[in-house]
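Q: Attaching a single structure in structure tokens format; questions to follow.
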């Protein structure tokens, strides 16, 4: 999957923070991803993932309703979504915390919020190489 052209890839962002989601969407479009799908909570995110089969998911941990950890469990238990690479994003960790955890949280690449473009690029490369 790492060799695919980004313009042919779909990315799903699951996050209830609309402002941060718009920033991430613009950043992903700026680095060449073709289609960015948005979900504001875990239920909607799972539904979109199941229907549209994105190539990559950015998943916030703290959301109302079905939170990030529960969404990750649901995604991992479904044959149609279990192999989609997921990048966990959270405001619970600083960039320093992420570095100390070697860039992983819940066994997935992670980024701290607010994020920087370099963090996003490193996490994407790591997630796509795992997938």
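Q: Could you tell me which numbered condition residue 69 fails, if it satisfies all but one of (1) part of a strand (DSSP E or B); (2) surrounded by fewer than 19 Cβ atoms within 10 Å (Cβ to Cβ)?
A: Only one criterion in (1) part of a strand (DSSP E or B); (2) surrounded by fewer than 19 Cβ atoms within 10 Å (Cβ to Cβ) is unmet by residue 69, namely (1).
Q: Next up: Residues of the stretch 1-36 being more than 20 Å from residue 121 (Cβ to Cβ) and either surrounded by 16 or more Cβ atoms within 10 Å (Cβ to Cβ) or touching a residue at least 60 places away in the same chain (Cβ under 8 Å) (or both), which ones?
A: 16, 17
Q: Something else now. Can you name the residue in the stretch 103-131 that is modelled with pLDDT under 75 and assigned to a loop (DSSP other than H, G, I, E, B) and is also surrounded by the fewest Cβ atoms within 10 Å (Cβ to Cβ) among such residues?
A: 107
Q: Separate question: Kindly list the number of the only condition in (1) in a helix (DSSP H, G or I); (2) touching a helix residue (DSSP H, G or I) at 6+ places or on another chain (Cβ under 9 Å); (3) farther than 23 Å from residue 129 by Cα that fails for residue 47.
A: (2)
The values are calculated or read from the model by the stated rules, or taken from the named source; none is laboratory data. Values in this document were obtained by computation on a predicted structure and should not be read as measured data. FYI the Cβ positions are ideal-geometry reconstructions off the backbone, even for glycines, and counts take in every protein chain you see.
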